[in-house]
Amino acid sequence: MAVQAIDARDAPLVRLVDAVQAARAAHTALEIRGGGTKAFYGEAPRGRPLPVAALAGISSYEPSELVVTARAGTPLAQLEEALAERGQCLPFEAPRFAPGGTVGGMVAAGLSGPARAAAGAVRDHLLGATLLTGRGEIQSFGGQVIKNVAGYDVARLLCGSWGILGLILEVSLKVTAVRPATATLCFDCDEAEAMRRLALLAPRPLPLTASAWHRGRLSLRFAGACAAVDAACAELKGERLAAGAAAAWWQEVRDHRHAFFQLNEAALARGESLWRLSRPATAVIADFGGERFIEWGGALLWWRGVATAAALRAAAAQAGGHATLVRTADKSAGAFAPLGEPLLRIHRRLKEAFDPLAIFNPGRLYPEL
């Protein structure tokens, strides 16, 4: 860990530090606000808005080293465009939900898209981060190189913290080259057959980068060397989608623009909710009716319908997983799976270490934090 001095010439940074110091003095809570694209996710934001959009820009990018460093307010679309120009990408396909999402929000939420099972999560590609803590200090963790083993891996702790530990100022990320060939095959089958097929494919050395099952249709995306993709398609057969249609469909899934993820006012009025259930890929979760959408080789089950939070969380726990309430009209049951006392104690101690006055995003992750 390194504590940095404030550069007086960096006006956006100085303004943020001043805002945090003022909030400390007045004991005022702050809601970290990037693009506002994830306000629906997790517990309701609280506190005075602290905009970070001005803290934007790619600080450094060395394509040959496969590393990029960007400030927290940098639009995710801008970063991805800069990488695409050099034939590179963020392999975990972070969901964007809506235009305006930022790099800092991507890391704070820690969410990954369709490629998660094959490429890893956001945290697996985070090399380092700079944080403005609730003590008003700027601290840096990790670094800008892939082989960095010094000290505790605090940077990755920030992934999925939803801003409760501090304001992420800058992050360094590993990137990868865009695969030269991509193909999507579709198969008509029920859920049980889809899970059987995925279990058979899992140990095989196929360039499978994403899978999704919904309403009797299993979609498999392959990406890699042209010969490997062509060989997989020839062996597995199935219906091969046109490249443009396939890319558009996976983008809809990634960004939750697919109809399954859209809960309109009528659906919310009926008491429908959207849940995210993580589980071992081969585990079975009871059928609660409603509608299911399965990703990550079976490890991620999206469910929408009407059921109690207690029933869904009990079923997920029985399968060795956990359930997160994503969209609903009523989050009184809590967005995230409740923590046991030992884990809650660890979370509290971390919060006290980084943000002792509970300035940043209070209650955003858990009401107790």
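Laid out as a table, the results:
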quantity	calculated
Selected residue (only one of Leu158, Leu208, Leu169, Leu198 is under 27 Å from Tyr366 (Cβ atoms), touching a residue at least 60 places away in the same chain (Cβ under 8 Å) and of a type outside the set (Gly, Ala, Ser))	Leu169
Breaking point among (1) crowded, with 22+ Cβ neighbours inside 10 Å; (2) assigned to a loop (DSSP other than H, G, I, E, B); (3) aliphatic (A, V, I, L, M); (4) touching a strand residue (DSSP E or B) at 6+ places or on another chain (Cβ under 7 Å), for Ala56	(1)
Test: residue in segment 340-353 that is closer than 19 Å to Leu263 by Cβ, touching a strand residue (DSSP E or B) at 6+ places or on another chain (Cβ under 9 Å) and aliphatic (A, V, I, L, M)	no
Residue identified as over 20 Å from Arg327 (Cα atoms), assigned to a helix (DSSP H, G or I) and at pLDDT 95 or above among Ala232, Ala210, Ala223	Ala232
Those residues of segment 276-315 which are more than 19 Å from Ala121 (Cβ to Cβ), in contact with a Ser or Thr (Cβ under 9 Å, 6 or more places away or on another chain) and buried (at least 21 other Cβ atoms within 10 Å of the Cβ), in sequence order	Trp303, Arg304, Leu312
Subset of segment 343-353 (residues that are in contact with a Leu (Cβ under 8 Å, 6 or more places away or on another chain) and surrounded by fewer than 21 Cβ atoms within 10 Å (Cβ to Cβ))	His347, Arg348, Leu350
Number of the exception - Trp250 against (1) at pLDDT below 95; (2) within 20 Å of the chain's Cα centre (by Cα)	(1)
Odd one out for Gly136, checked against (1) within 26 Å of Ile58 (Cα to Cα); (2) in a strand (DSSP E or B)	(2)
Test: residue in segment 201-224 that is under 18 Å from Leu126 (Cα atoms), surrounded by fewer than 20 Cβ atoms within 10 Å (Cβ to Cβ) and basic (Lys, Arg)	no
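The values are calculated or read from the model by the stated rules, or taken from the named source; none is laboratory data. Not measured: the values here are computed from a predicted model. Cβ: placed from backbone, ideal geometry, glycine included. Neighbour counts: every protein chain shown.
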